[in-house]
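Everything below concerns the one structure shown next.
Only the coordinates and a few stated rules stand behind these numbers; no lab work does. Everything numeric here is computed off the predicted structure, so don't read it as measured data. Here the Cβ positions follow ideal geometry from the backbone for every residue, glycine too, while neighbour counts run over all protein chains shown.
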Amino acid sequence: MNSGAQQHYFSSEEGDLANIGSAVRDVNWNAFGLDFLAKSDRGVFSYDHLDRGTAVFFSLVPKPPEQGNFLDLGCGWGPMSLCMAKLAPASKVWAIDVNPRARDLVLRNINIAQLKNIHVETPDNVPSDIQFDLIWSNPPIRIGKDALHELLLRWLPRLSPAGEAWLVVQKNLGSDSLAQWIQENGYDVKRLGSKKGFRVLCVTHRVDITTEATR
């Protein structure tokens, strides 16, 4: 897909999406031994299938905790949100995306899956006092380094003290340099593993060893 088409993924304008039309598709996938069905459409990332990065992500990350505030950062049509909500029905999942078609699709897929614990919002409508115990994301690397850094610096500080952010990044699009940048900005980063050209990172608040030793 060309770069012009890719920009629709990150657009907040209805007119941009109207220009490319609609072609709803069914998407089926399995994660953590569960079968999922969702609707997708043109104008959102990987609209006719579960993308390879997210499939790798599901194969490597641990199951979410049983409850807490969870964030799907850049939710698209919702595979990560749906998975978190189904695996942890006592949790509250926040699915956020600037793309209005993506948000509409998640709302549609919530009804299909009969899930009650997903809140779909624009990034600006998430209450500022909420901390997240878990963040899952296939971050939009192609928005550019500066915009990606701004995005992560907005949401990583909202991890709860023991919270974890799990990111999947294509290795040839800079997963290792991104991990280094995150570390330079005060977080601990563990490389969970690599598969099919993607690396999964776990980001946590940095522990002050001196403080921990005196407790």
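Step through the table entries Lys63/Lys195; Lys63/Lys196; Lys86/Lys196; Lys116/Lys145; Lys39/Lys63, compare each Cα-Cα distance with 28 Å, and write down the pairs that go over it.
Pairs exceeding 28 Å: Lys116/Lys145.
Loop-located trypsin sites (Lys or Arg not before Pro) in the stretch 90-176 (DSSP state other than H, G, I, E, B) with a sparse environment of at most 11 neighbouring Cβ atoms within 10 Å: Lys116.
Fewest to most neighbouring Cβ within 10 Å: what's the order for Thr122, Thr54, Thr204?
Arranged by neighbour count, lowest to highest, Thr122, Thr54, Thr204 become Thr122, Thr204, Thr54.
Rounded to the nearest 20 debye, the dipole magnitude of the chain is 620 debye, with +1 charges on Lys and Arg beta carbons, -1 on Asp and Glu beta carbons, and the Cα centre as origin.
Between the amide H of Asn185 and any residue lying 5 or more places away or on another chain, no distance stays under 5 Å, with hydrogens modeled in the peptide plane. The distance separating the Cα centre of the stretch 137-174 from that of the stretch 36-65 comes to 17 Å.
Rounded to the nearest Hz, the phi-derived 3J(HN,Hα) couplings of the stretch 187-194 under the Karplus curve 6.51 cos²θ - 1.76 cosθ + 1.60 (θ = phi - 60°) are 10, 8, 10, 10, 8, 5, x, 10, where x marks glycine and proline.
Simple spin-label estimate for Ser59 and Glu184 gives 3.2 nm between the two label positions (7 Å along the Cα-to-Cβ direction from each Cα). Across the chain, the mean sequence separation of Cα contacts (distance under 8 Å, 6 or more residues apart), normalised by length, yields a relative contact order of 17 percent. Adding -39500 (n - 2.57) for every DSSP H run of four residues or longer, then dividing by how many residues the chain holds, sets the calculated 222 nm ellipticity at -8500 deg cm²/dmol. Note on Arg191 and Val207: the extension gain reaches 4.0 nm, defined as 0.36 nm multiplied by sequence separation minus the Cα-Cα distance.
With no solvent and one equal point scatterer placed on each C-alpha of the stretch 3-213, evaluate the Debye formula and give log10 I(q)/I(0) for q = 0.12, 0.13, 0.14, 0.19 Å⁻¹, two decimals. For the requested q values the scattering log ratios are -0.59, -0.70, -0.82, -1.58. Taking a Cβ cut-off of under 11 Å around Ile135, the surrounding Lys, Arg, Asp and Glu residues balance to a net charge of -2, with basic ones at +1 and acidic ones at -1. Going from the residue with the fewest nearby Cβ atoms within 10 Å to the one with the most, Ile130, Ile143, Ile182 rank Ile130, Ile143, Ile182. Ranked for footprinting exposure by Cβ neighbours inside 10 Å, fewest first, Tyr187, Tyr47 give Tyr187, Tyr47. Coupling constants for the stretch 129-144 follow from the phi torsions by the Karplus curve (6.51 cos²θ - 1.76 cosθ + 1.60, θ = phi - 60°), and in residue order they are 8, 7, 9, 10, 7, 8, 10, 10, 7, 9, x, x, 4, 6, 6, x Hz; glycine and proline get x.
What is the stretch 74-134 by shape, rounded, prolate or oblate, if you read a ≥ b ≥ c off the alpha carbon gyration tensor as root eigenvalues and call it rounded for a/c under 1.5, prolate for a/b larger than b/c, and oblate otherwise? Mind showing how you got there, number by number?
On the way: a/c = 1.91, a/b = 1.05, b/c = 1.82.
Oblate shape, in that a/c is at least 1.5 and b/c is the bigger or equal ratio.
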